[in-house]
């Protein structure tokens, strides 16, 4: 499962070459940081969590057996570090739950999105993602952005398959609901221009 | 059928636009700072988990306890199950006498200490399992 390059670096570190760990950090720091920032919505906090993640990974490197990808292992540590942070500061991270979902015209939303610049689209999707509860945000990010398999996400989050599928479904619906609320005026405006 | 089709379209929509999100980047000094922390902490050496009592010691303890039990049962004239009548006096011969003669502890303190120790041992098992699960893959 583990790539040869990762394994070579891990072996070096385990033999005492601490500096070799910086190669792993450089390879995976942006992935870990992206997950942390998606979950915490805060750059400083995400950077702290990323640092903690790599320190924990370094301390526990001998426990990594190589049955899964090294990135999956890092994600697992980062994901739980984020959850620990949420537990500590429960009030700070309270996200409003979205109760219902009304289906909307995907093709008009798609047209509207296409009429925007790529960077604008990304910015809008990012802000919509930020409104989701952190657990839904992370499963969407793992599945659609990082394209991890259900099995890999189950390893990271410790959800059962059924639970994960439900969470993914709900997260997708919630995101679309937010997109709808956010972009409805723009969709109308877009069609007004036609 | 229509429901499935709609679900696929929703998936496509979400995937298409989420994949356009840029990968966030850490600050430039991230790696240098992190490596500084790692190198500074001498305790951060990678240890293999070592049990507090090693296998040879467990073996020695097992042999000692077995030997004691063997001596007790071997020289006991009573029934095997009448434990109260077993003669453990031979232990006094090998024990240091009056080592803690001047040292007295109230029985409630002994109970407190006993329960506290028991609680720590129980927690150790749970904590070890919890941490092992978190860092194993």
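FYI, it's all coordinate maths here, none of it is from the lab. As the structure is a prediction and not an experimental result, all values here were calculated from the model. Here Cβ is always computed from backbone atoms with ideal geometry, including for glycine, and neighbour counts include all displayed protein chains.
Numbers for the structure displayed
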read-out	value
Residue-span extension gain [residue B:61 to residue B:7] - 0.36 nm each, minus C-alpha spacing	13.0 nm
Fewest-first ranking of A:75, A:159, using other Cβ atoms within 10 Å as the exposure measure	A:159, A:75
Likely footprinting exposure, B:11, A:117, fewest C-beta neighbours within 10 Å first	A:117, B:11
For B:58, A:141, A:73, order by how many other beta-carbon atoms lie within 10 Å, fewest first	B:58, A:141, A:73
